[in-house]
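Read through the structure below, which is laid out as structure tokens, and then see the notes.
No lab work stands behind these numbers, since they all come straight from the coordinates. Model, not experiment: these values are computed from the prediction. So basically every Cβ, Gly included, is an ideal-geometry build from the backbone, and we count neighbours across all protein chains shown.
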Amino acid sequence: MKVKYIINGKEEEYEIHPGEVLLDVLRRNGHSEIKGNCYLGTCGACTVLIDGEPHTSCTILAAKVNGKHITTIKGIGDLNNPHPLQKAFVDVGAVQCGFCTPGTILSAYALLKKNPNPTDEDIKKALDGNLCRCTGYVQQVEAVKFAVKLLKEGKDE
Amino acid sequence: MLKLKGIEEVYYPQTIKETVDILRSHGDLAEVVGGGLDISVFPNPRIKFLIFLDNLNLSYVKDSSEGIKIGAMTTITNLIESDLIKDYMGGCVHSVLPEIATELLRNQITVGGSLGKREPYSDIVTLLYGLNGKIVLSDGEWDEIVSINDFYKENFKRLLKERIIKEVILEKYPKDYFFSMKRYVRNATDIALFNMATLLKTEGKMITSARVAAGSRPKPAYLMQGAGEFLKGRELSEDLAEEFGKFVEEHIEVGTDTRTTEEYRKNLSHIYAKRILLEALEAAK
Ligand code: FES
Ligand code: FES
């Protein structure tokens, strides 16, 4: 069957098997910025935003979200023009191997859209489905707080 | 990793009637998809047809004269964000919801999907059992309201081959009702090792009726009939809380699985039963 998505603002059409999960469809079509690990919804490495809401793409059937807007980490910023969250994660040392980072930043991005002034507790709750094997969580919470500051200042320096 | 190899076709019906017609035509080979978490984590190789309910407008929480109506496609996140749920039962329901699963999964788990699957570890099923939720089943022509007890007394999986869960109705209990739900997890995002929800009606300190539901036992949630009868007509006190804890520990039907033992679950049930009554005592003061 064919599905259409708007991925990072661009319309894409893919041929899929109706029993596939979104993660596999996106990675097969070049979106290797989305990571996959547990395939059970427990690690959060495969997080994408679907109509702005973070989801584990390994538990979402690709056919179910036909027509939706999907945002991957590449959709919020890039090397030359990083989103304040991306810059903050690097500056604060919240990235080591980087496997969890795309998913974690997207969960944080969705949080800040809903709640631009989160408490530490709000941040921990929003990132509770994104597991990190290396950095630990202290730097990640600090990075989100730093990003809030950058966003408020309206600059990323 | 192709999880659902056997799927041949998917449907996006626009009405409940259309949904049920497709269901009936494919019998046991078709499955209705709520959030889709369960089917992607525990794929059923026999299923060939999937029916997505996303176009049926079943995601809502609204007030009505019958109670608070929650559409089957409402997610846990939708419930958390609902002002009606924030105020419901003094906020006791709202406070439990953010503790369930993770943000990512709360965005996917639906009320209808939780009820239709009745997975043993579901906190939503225990919560709705405790609150005596009413389930609205529909074939697109007729709606039938059944209590959660009656729904699970029937062969509910068979019922759901002829109808779908349209919504759940929560009664708007007056102030003399007290509700509490407890769940035990090893870490913040774990599946509960045990959960318990209790609804009490009181006159002062006198308990006039009680419902006690328990789940993650590791069998699916159930209503502990004897516990309600034990509490009826008793006066809230610290002694009663301890007595009730012992009663629940002795009578609760729990078992052992790879995650914990029957003995541990019994201990938890004692602690939670006691704690809930002490909270109710505090609220009655
Ligand atoms: S790969 Fe999706 S949550 Fe782990
Ligand atoms: S940075 Fe390696 S898993 Fe998080």
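For A:Leu127, no residue has an amide H sitting under 5 Å from its own, ignoring neighbours fewer than 5 places away on the same chain, with H placed 1.01 Å from N.
Rounded to the nearest 0.05, the FRET efficiency derived from the C-beta distance between A:Val90 and A:Asp122 at R0 = 30 Å is 0.85. Classified by the C-alpha gyration tensor, the protein assembly as shown has an oblate form. Its axis ratio a/c, with a ≥ b ≥ c, is 1.5 or above, and a/b does not exceed b/c. Couplings for the stretch A:97-108, taken from phi via the Karplus curve 6.51 cos²θ - 1.76 cosθ + 1.60 with θ = phi - 60°, read 6, x, 5, 7, 4, x, x, 5, 5, 5, 5, 5 Hz in order; Gly and Pro are left as x. Counting 0.36 nm for each residue step from B:Glu141 to B:Asp239 and taking away their Cα separation leaves a gain of 30.0 nm.
Sum -39500 (n - 2.57) across every DSSP H segment of at least 4 residues in chain B, then divide by the residue count to get the 222 nm mean residue ellipticity, nearest 500. Show your work: numbers first, answer last.
Numbers: 13 runs with 105 residues, N = 285.
Theoretical 222 nm ellipticity from helices: -10000 deg cm²/dmol.
Structure remark: mean-square fluctuation, Gaussian network model of chain B, C-alpha springs under 10 Å; the largest value among B:Thr198, B:Thr126, B:Thr208 belongs to B:Thr208. With a Förster radius of 56 Å applied to the C-beta separation of B:Asn155 and A:Cys38, the computed FRET efficiency comes to 0.95. Note on B:Thr256 and A:Lys114: with the Förster distance fixed at 41 Å, the Cβ-Cβ geometry gives a FRET efficiency of about 0.50. The string of couplings for the stretch B:216-229 from the Karplus curve (6.51, -1.76, 1.60, θ = phi - 60°) is 6, 9, x, 6, x, 4, 8, 9, 8, 3, x, 5, x, 5 Hz, one whole number per residue in order, with x for Gly and Pro.
Reported to two decimal places, what Rg/Rh ratio describes the stretch B:1-126 when computed on Cα atoms with Rh from the Kirkwood expression?
Values: Rg = 15.7 Å, Rh = 15.7 Å.
Reported Rg/Rh, Kirkwood definition of Rh: 1.00.
Shown in residue order for the stretch B:4-11 are the 3J(HN,Hα) couplings computed by the Karplus curve 6.51 cos²θ - 1.76 cosθ + 1.60 at θ = phi - 60°: 10, 4, x, 5, 9, 8, 10, 10 Hz (x for Gly and Pro). Give me the net charge of B:Ile148's neighbourhood, meaning all other residues with Cβ under 12 Å from the Cβ of B:Ile148; Lys, Arg count +1, Asp, Glu -1. Here the count lands on +1.
Just how far, in whole angstrom, is the stretch A:1-68 from the stretch B:208-277 if you go by their alpha carbon centroids? Cα centroid of the stretch B:208-277 versus Cα centroid of the stretch A:1-68: 42 Å apart.
If each DSSP helix of 4+ residues adds -39,500 (n - 2.57) and the sum is divided by the residues in chain A, what number results at 222 nm, nearest 500 deg cm²/dmol?
Values: 5 runs with 53 residues, N = 157.
My calculation for chain A gives -10000 deg cm²/dmol from helical runs alone.
Counting only Cα atoms, the size of chain A along its three principal axes is 45, 29, 25 Å, in decreasing order.
Could you tell me the relative contact order of the stretch B:217-285? Use alpha-carbon pairs under 8 Å, at least six residues apart, and round to a whole percent. Intermediate values should be presented prior to the final figure.
Values: 66 pairs, mean separation 27.0, N = 69.
39 percent.
The angle between the Cα long axis of helix A:138-153 and the main principal axis of chain A comes to about 80°, on a 0 to 90 degree scale. log₁₀ I(q)/I(0) of the stretch A:2-75 at q = 0.17, 0.19 Å⁻¹, via Debye over equal Cα point scatterers, no solvent, to two decimals? The calculated log intensity ratios at q = 0.17, 0.19 Å⁻¹ are -0.52, -0.66.
So which chymotrypsin sites (Phe, Trp or Tyr not before Pro) in the stretch B:113-170 are both in a DSSP loop and have at most 13 other Cβ atoms within 10 Å of their Cβ? Let's see the in-between values first.
On the way: sites: B:Tyr121, B:Tyr129, B:Trp142, B:Phe151, B:Tyr152, B:Phe156; in loops: B:Tyr121, B:Trp142.
Within the stretch B:113-170, the qualifying chymotrypsin sites (Phe, Trp or Tyr not before Pro) (loop, at most 13 other Cβ atoms within 10 Å) are B:Trp142.
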